[in-house]
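> Questions regarding the structure given below will be posed in turn.
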Amino acid sequence: DVKVTQSSRYLVKRTGEKVFLECVQDMDHENMFWYRQDPGLGLRLIYFSYDVKMKEKGDIPEGYSVSREKKERFSLILESASTNQTSMYLCASIHRSRSGNTIYFGEGSWLTVV
Amino acid sequence: DQQVKQNSPSLSVQEGRISILNCDYTNSMFDYFLWYKKYPAEGPTFLISISSIKDKNEDGRFTVFLNKSAKHLSLHIVPSQPGDSAVYFCAASAGPSDMRFGAGTRLTVKP
């Protein structure tokens, strides 16, 4: 079974704090993603990485950065948290096969910025 | 610009009846489509997928239909069960690093 683990399920941070969200996958997947989920907006892509030290901006990268120092770990960083970053954050990795790609999600991290 | 759209935010059906969830997309480069199911406070889980070379894929109670000319896909659940109550996300992919999601449809199956 593929396992994608997000280290923090629930966090409360103050405006202006630096926030780290950690994600680890155990299936040697090359591609990893960070999404945020908001009511009525679905899942929006923040950043993705297709290899160690490689990263690409998604649809809503502003206010975020990422780090991929090891293949199994993909971190999302909020340099200076703001209240509009209160959301559920989902990490995912992709299994690639001939028939297509299947994305596996972590359990999610609920971040509240006060 | 949302490339994948689920226009119905919610759907309510009676247990035992058919649930039909719809999804439209705009990017003709999408060649692989998936449905995910999400319970509250959990990450989405993969449900069923279909490649653009097919127009139907079936897995137990779940069937996905793809109409490429209309850029439309749908998920049929027959028969619907109360445990199917969740948010369903449609997703489309145009490559290994590209996966776009719809806004989700909340399905409620009433006993």
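> Taking N as the number of residues in region B:15-111, what value does Rg over Cα atoms divided by 2.2 N^0.38 Å take?
Ratio of Rg to 2.2 N^0.38 Å for region B:15-111: 1.05.
> Filter the trypsin sites (Lys or Arg not before Pro) in region A:22-114 down to the DSSP loop ones having no more than 13 other Cβ atoms within 10 Å, then list what survives.
A:Lys53, A:Arg98
> If I measure Cβ to Cβ between cysteines in the protein assembly as shown, which ones have no partner under 4.7 Å?
none
> Along the Cα-to-Cβ line of A:Thr112, 7 Å from the Cα, sits a label point; which residues in region A:11-46 have backbone N less than 13 Å from it?
Counting only backbone N, you get A:11-14.
> What number do you get for the protein assembly as shown when its Cα radius of gyration is normalised by 2.2 N^0.38 Å, N = residues?
1.01
> Another question, then. Hey, what did chain B get for relative contact order, percent, Cα under 8 Å, at least 6 apart?
37 percent
> Set the bar at 31 Å for Cα to Cα. Now go through A:Lys13/B:Lys5; A:Lys53/B:Lys68; A:Lys18/B:Lys5; A:Lys18/A:Lys57 and name every pair that lies beyond it.
A:Lys13/B:Lys5; A:Lys53/B:Lys68; A:Lys18/B:Lys5
> Also, I was wondering about something else. Please identify, among B:Ser28, B:Ser93, B:Ser49, the residue showing maximal mean-square fluctuation in a Gaussian network model of chain B using a 10 angstrom Cα cutoff.
Fluctuation is largest for B:Ser28.
> Taking square-rooted eigenvalues a ≥ b ≥ c of the alpha carbon gyration tensor, is region B:25-80 rounded, prolate or oblate, where a/c under 1.5 means rounded and, failing that, a/b exceeding b/c means prolate?
Since a/c reaches 1.5 but b/c is at least a/b, the shape of region B:25-80 is classed as oblate.
> Principal axes first, then extents: for the Cα atoms of chain A, list largest minus smallest coordinate on each axis, whole Å, largest first.
44, 31, 24
Values in this text are rule-based calculations from the coordinates and carry no lab data. Only a predicted model underlies this, so the values are computations on that prediction, with no experimental measurement involved. Note that we place each Cβ from the backbone using ideal geometry, even for glycine, and neighbour counts take in every protein chain shown.
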